[in-house]
Structures are given as structure tokens and as C-alpha cells.
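A quick write-up on the structure given underneath.
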Amino acid sequence: MNIILLGPPGAGKGTQAKRLEQERGMVQLSTGDMLRAAVKAGTPTGIQAKAVMDAGELVSDAIVSGIIGERLDMEDTLKGAIFDGYPRTAAQAESLDTLLSERGRQLDFVIELEVNEDALVERVEGRFTCANCGEGYHDKFKLPKVEGTCDVCGHHEFKRRPDDNAETVRTRMAEYRAKTAPILPFYEAKGLVRKVDGMADIAEVGAQIDAILDGKA
Ligand code: ADP
Ligand code: AMP
């Protein structure tokens with residue numbers, strides 16, 4: 001099964017993608033994570049992308065579709081791909097169709113996380129992740145069970161993203177509204193869109209997604 005999780009920054013895409021990886025053996029394909037890895041490694045792509053990401057704007061379609069294509073050639077993605085943060089523009093949606101059909105694969109669902117934008121700044125500002133395994137947490141909504149210790153890998157260091165500040169989040173939301181939300185009709189026309197209430201708590205959002213994947217919604 002191949003699915004897209006669609007929603008603005010802070011909607012809960014990464015949180016749900018990581019859970020689906022752990023519970024269903026699917027594979028999270030987050031272009032944001034891949035770009036951050038490229039920035040950290042200092043690759044030509046990373047050097048080019050860094051300023052754009054720091055400003056909350058979108059990296060070029062050619063770059064992100066290129067890295068998704070390379071990732072789809074890795075065999076683990078045959079277990080089922082969860083596209084998280086991709087596609088973000090109409091051109092990327094077209095590219096994804098081509099990348100999948102060239103490999104004899106197809107999309108099963110586009111799951112839209114419906115959220116109230118007013119809540120997202122708080123979600124993004126409180127976000128932090130395990131510096132070792134990348135598990136996501138929140139200062140208020142999802143603290144580690146044992147303070148200072150990652151629930152998943154037991155590591156003690158955490159990190160925050162430089163673009164998770166109120167000002168950049170506003171730009172990222174505007175980019176979502178202008179360029180990403182308009183791709184929904186493309187997928188609606190294909191009958192792929194399913195909506196979940198992204199304002200519910202993390203477990204409830206997960207239950208709604210599971211019902212869709214299990215054909216019960
Ligand atoms: P995205 O990947 O869509 O940008 P994340 O999954 O990283 O969003 O979630 C943003 C922050 O909000 C994280 O700190 C996460 O722990 C928290 N979060 C995710 N889903 C919910 C939810 N349903 N209710 C409250 N907080 C949430
Ligand atoms: P994310 O981790 O999904 O919040 O993405 C962080 C940043 O990476 C975004 O604000 C963009 O600058 C960049 N980015 C991630 N995915 C894409 C994409 N599909 N298209 C363009 N830019 C992207």
C-alpha cells in the first residue's frame with residue numbers, strides 16, 4: 001500500500017508516519033528529513049536547499065522529485081510507502097504519478113489531516129525529536145514517558161529544528177495554502193482522498209487512519 005499524508009506543517013504527518021512504520025512495517029518517505037540529512041552532510045543539494053528551508057519556502061520541484069525517485073528505487077519501499085511532506089505542488093503530484101507508474105506501483109489513499117491553523121504554531125513551536133532515532137515529541141502534547149529519555153531508543157539527547165519558529169511557520173503555512181492545498185482536487189478527481197480530524201488527540205487520529213487503511217472507513 002502506498003499513501004500520502006497531506007496537511008500543513010504541524011498537522012501530525014510525521015507523528016502518524018512513524019507510528020505506521022512501527023506498527024505496519026511501512027516506510028516513511030519524508031522529503032523534509034531527506035533534505036535535512038543533505039544539509040547536515042553538506043552535499044550540493046543540501047548547500048542549495050539550506051537557505052530556502054530556513055526561510056520556510058519550497059525547495060525546487062526537480063530536487064525533491066529527484067530524491068524521491070532515488071528513494072523509490074530502494075527495495076524497502078516495496079513494503080509500502082508513506083509520503084510525508086511530498087508532493088507539495090501540482091508539478092510534484094504529476095511527477096509522483098510518473099515515478100510510481102514507471103515502477104508499476106500506484107497510490108492507494110491520500111489522507112488529508114484537517115486542522116485548525118491557529119493550533120499549528122503551538123504544535124510546531126513545542127516540537128522536538130530524539131537526536132538518535134528521530135522519534136517526535138511535544139513539550140505539551142507528547143512528552144517522553146521518562147523525562148529526558150527517548151521512549152523508542154533510550155537516548156538522552158533531543159533536538160529542535162531551526163525553522164520551527166513562529167515567523168517561519170507562518171511562511172510555511174502560506175506556502176501550504178498557496179501551493180499544496182490546491183493539489184487536493186487532482187486527487188479528489190481520482191477518488192483517493194480520505195479526510196481525518198487532525199485536531200483530535202494523537203491516538204484518535206491514528207485510529208481514524210487505521211480505519212481507512214483497513215477498509216473500515
Ligand atoms: P508534521 O509532520 O505534519 O509537520 P508532526 O507530526 O511533527 O507534524 O507534529 C507536530 C508536533 O505536534 C509534534 O511535536 C507532535 O508531537 C505534535 N502532534 C502531532 N499530532 C498531534 C495531535 N493530534 N495533537 C497534539 N499534538 C500533536
Ligand atoms: P518538512 O520537514 O516537511 O516540514 O519540510 C521542511 C522544509 O523542507 C520545507 O519548509 C521546505 O523548505 C523543504 N521541503 C520539504 N519537502 C519539500 C517538498 N516536497 N517540496 C519543496 N520543499 C520541501
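Throughout, read-outs are computed from the coordinates displayed, never taken from laboratory work. Since we're looking at a predicted model, the values are computed, not measured. Please note: Cβ atoms are built from the backbone with ideal geometry, for glycine as well, and neighbour counts cover all protein chains shown.
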In whole angstrom, note down how far apart the Cα centers of the range 130-191 and the range 1-69 are.
-> 11 Å
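Hey, with R₀ at 41 Å, roughly what FRET efficiency would H155 and K190 work out to, going by the Cβ-Cβ distance, to 0.05?
The pair H155/K190 has a calculated efficiency of 0.50.
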Under-5 Å amide H pairs with K195, H placed in peptide plane, nonlocal only = E112
Scan the range 14-119 for trypsin sites (Lys or Arg not before Pro) in coil per DSSP, keeping those whose Cβ has at most 14 other Cβ atoms within 10 Å, and list them by number.
-> R103
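Provide the percentage of antiparallel DSSP beta bridges, counting only those with both residues in the range 90-217; round to the nearest 5.
Details: 7 of 12 bridges.
Roughly 60 percent of the beta bridges in the range 90-217 run antiparallel, per DSSP.
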In whole Hz, what ³J(HN,Hα) sequence does the range 10-24 give by Karplus (6.51, -1.76, 1.60; θ = phi - 60°), x for Gly and Pro?
-> x, 5, x, 4, x, 4, 6, 5, 5, 5, 5, 4, 5, 8, 10
Name the residue, out of T168, T31, T180, whose mean-square fluctuation peaks in a Gaussian network model built on the chain with Cα pairs under 10 Å.
-> T168
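I need the GluC sites (Glu not before Pro) found in the range 138-217, filtered to DSSP loop residues with at most 10 other beta carbons within 10 Å of theirs.
Those satisfying the criteria are E147, E157.
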